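The values are calculated or read from the model by the stated rules, or taken from the named source; none is laboratory data. All values reported here derive from a predicted model rather than from experimental measurement. Methodologically, a virtual Cβ is constructed for each residue, glycine included, from the backbone with ideal geometry; neighbour enumeration extends over all protein chains shown.
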Amino acid sequence: MVHDDSLGTTPGFYDIGEGLADVRITPKTGSYFTRTGAAGGYAIPVGTGGSLEVMASGSALGGVVVKTVTLGAENVKQVFRKGEAASTDGDADGMPDAWETFFGVTDPAADADGDGYTNLQEYQGNTDPTLATSYPGSDGGSVTPPPSGGGGGGGGGGGCFVSNVGGAAPGALAALALGLLALFASRLQGKSAR
């Protein structure tokens with residue numbers, strides 16, 4: 001969940017209308033990333049054990065937030081709030097320190113992945129400077145839009161974008177995500193009919 005906690009009535013909790021759309025969620029390892037849906041919801045497959053750094057970034061968030069998530073057999077909810085965004089740029093190169101550390105890049109003029117875009121351009125485009133298939137103007141892989149109508153009620157899902165930069169079966173992941181959204185929507189309709 002990614003949200004702007006200042007918009008709601010319950011500090012520290014998600015309220016309807018606080019979700020932030022189009023925030024990029026990137027795990028430190030693997031080739032997946034996702035973008036939040038209209039209500040700030042996201043889902044991403046990352047594994048079932050250990051811990052993992054996850055970064056949220058984008059203009060809607062107002063900067064970069066990096067958190068460590070402990071993985072287990074169950075789904076893990078990780079909340080990113082707009083007020084947590086760090087924009088500290090100690091070397092004044094135009095790239096936040098947290099973003100540089102997360103991706104391991106420090107030179108704004110370098111092209112870490114050889115895709116023709118500098119690290120600074122990758123930061124400004126909210127893309128991954130270490131993957132040649134991720135560059136400004138692309139989404140770094142196939143992206144499946146949320147179902148029409150945006151979905152989401154009070155649950156915060158609102159649909160999500162699922163991308164696989166490495167190219168491993170994004171269609172299967174998209175079909176699973178859309179199937180789960182359809183199931184959730186049908187259950188909500190069944191409750192409202194009672």
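Before moving on, here are some points about what is shown:
- Tally, over segment 23-34, of residues that are over 17 Å from Asp5 (Cβ atoms) and either surrounded by 20 or more Cβ atoms within 10 Å (Cβ to Cβ) or modelled with pLDDT of 90 or more (or both): 6
- Counting only residues that are surrounded by fewer than 14 Cβ atoms within 10 Å (Cβ to Cβ), touching a strand residue (DSSP E or B) at 6+ places or on another chain (Cβ under 9 Å) and modelled with pLDDT under 85, segment 58-98 holds 2 of them.
- When residues in segment 1-21 are screened for being charged (D, E, K, R) and without any contact (Cβ under 8 Å) to a residue 40 or more places away in the chain, 2 of them pass.
- Taken as a whole, the structure leaves Thr101 outside the set of residues that are surrounded by 16 or more Cβ atoms within 10 Å (Cβ to Cβ) and more than 17 Å from the chain's Cα centre (by Cα).
- Restricting segment 93-117 to residues that are touching an Asp or Glu at 6+ places or on another chain (Cβ under 7 Å) and part of a loop (DSSP other than H, G, I, E, B) leaves a set whose member that is nearest to Glu53 (Cα to Cα) is Pro96.
- Matching residues, segment 117-134, being under 15 Å from Arg35 (Cα atoms) and of a type in the set (Ser, Thr, Tyr): Thr127, Ser134
- Selection count, segment 36-77, where residues are without any contact (Cβ under 8 Å) to a residue 60 or more places away in the chain and in a loop (DSSP other than H, G, I, E, B): 12
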